[in-house]
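To start, the structure under review is shown below, and the notes come after it.
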Amino acid sequence: LGLPYVGAGVAASAVGMDKALMKALFRQAGLPTAEFVVISKARWQREPQAVEAEIRERLGLPCFVKPANLGSSVGISKVKVWGDLPRALAEAFRYDHKALVERAVAGREIEVAVLGNHDPIASPPGEVVPHREFYDYRAKYLEEGTRLVAPVALPTALERQLQEMAIAAFRAIDCAGMARVDFFLAGEEPVVNEINTIPGFTPISMYPRLWEAAGLGYRELITRLIELGLERHRERQGRLYAPE
């Protein structure tokens with residue numbers, strides 16, 4: 001349509017939704033992620049014993065089973081005993097033809113906001129403190145009790161490391177405009193969980209709260225995002241898409 005818009009382009013948006021592709025690009029960029037296995041529904045139906053053996057060998061318990069393409073923690077199960085693995089995979093396959101099975105990381109849930117196009121900047125980190133065992137759909141949308149701490153006090157060197165890793169994740173998928181990068185923090189060892197190319201954006205959501213903590217208010221943040229979208233639009237208009 002040739003219209004300006006805020007946020008990531010088509011490719012980055014697609015990769016940001018597909019956890020398997022996302023994590024492959026993170027690893028290519030040298031970013032640490034939890035160990036994972038990608039399982040297709042067809043393979044699970046064809047050779048369930050081989051799939052379970054691979055998951056046992058590479059991941060162990062506990063592990064998380066997720067639809068590769070979905071958000072808001074829909075379809076995610078935590079597997080603590082092997083007898084629950086078939087049920088968890090069946091739940092994930094209700095939403096996608098492939099599932100991501102990931103080794104559980106015991107640690108804090110840390111989030112960093114990223115803003116920019118070619119020279120992105122990162123906010124101070126915040127922390128999600130869920131009231132349930134993990135930050136699932138119910139904890140996010142249906143129940144009260146989860147706390148968002150923005151910003152969270154961390155050692156200066158660790159905060160800088162998280163910001164650098166967030167920017168590296170942003171660049172790894174060729175993102176633009178805005179994103180929120182989520183981490184697990186085991187001790188002082190951060191692991192990248194995922195990137196959200198359209199993060200929650202109500203005034204009480206983590207993304208704007210982190211920028212407010214950095215001194216950029218909600219109105220100013222929206223203005224800056226519009227400016228970044230217009231900047232990208234001008235760049236696209238100046239490109240050639242065929243020989244002259």
Legend entry - Residues satisfying the stated conditions in region 64-112, i.e. touching a Ser or Thr at 6+ places or on another chain (Cβ under 7 Å), among the hydrophobic types (A, V, I, L, M, F, W, C) and over 17 Å from residue 36 (Cα atoms): 112
Legend entry - Selection from region 36-61 of residues that are surrounded by 15 or more Cβ atoms within 10 Å (Cβ to Cβ) and not in a helix (DSSP H, G or I): 36, 37, 38, 39, 40, 59, 61
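With more than 19 Å from residue 191 (Cα to Cα), at pLDDT 95 or above, more than 17 Å from the chain's Cα centre (by Cα) and among the hydrophobic types (A, V, I, L, M, F, W, C) as the only criterion, which of 115, 89, 59 stands out?
89
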Inset, instruction - Starting from residues that are at pLDDT below 95 and of a type in the set (Ser, Thr, Tyr), keep the ones in region 169-217 and report whichever is nearest to residue 32 (Cα to Cα). - result: 205
Inset, instruction - Taking the options 189, 227, name whichever one is within 21 Å of the chain's Cα centre (by Cα) and over 24 Å from residue 18 (Cβ atoms). - result: 189
Legend entry - Residue match in region 128-138 (condition: crowded, with 17+ Cβ neighbours inside 10 Å, among the charged types (D, E, K, R) and modelled with pLDDT under 95): yes
Inset, instruction - Tell me which residues, restricted to region 1-35, are touching a helix residue (DSSP H, G or I) at 6+ places or on another chain (Cβ under 9 Å), over 19 Å from residue 65 (Cα atoms) and polar (S, T, N, Q). - result: 28
Inset, instruction - Name the residue, out of 29, 99, that is in the same structural domain as residue 181 (by TED's automatic domain parsing), aliphatic (A, V, I, L, M) and at pLDDT 95 or above. - result: 29
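Here is a list: 75, 145, 71. Which entry is assigned to a loop (DSSP other than H, G, I, E, B), at pLDDT below 95 and surrounded by 17 or more Cβ atoms within 10 Å (Cβ to Cβ)?
75
The values are calculated or read from the model by the stated rules, or taken from the named source; none is laboratory data. Please read all numbers here as calculations on a predicted model, not as lab measurements. FYI the Cβ positions are ideal-geometry reconstructions off the backbone, even for glycines, and counts take in every protein chain you see.
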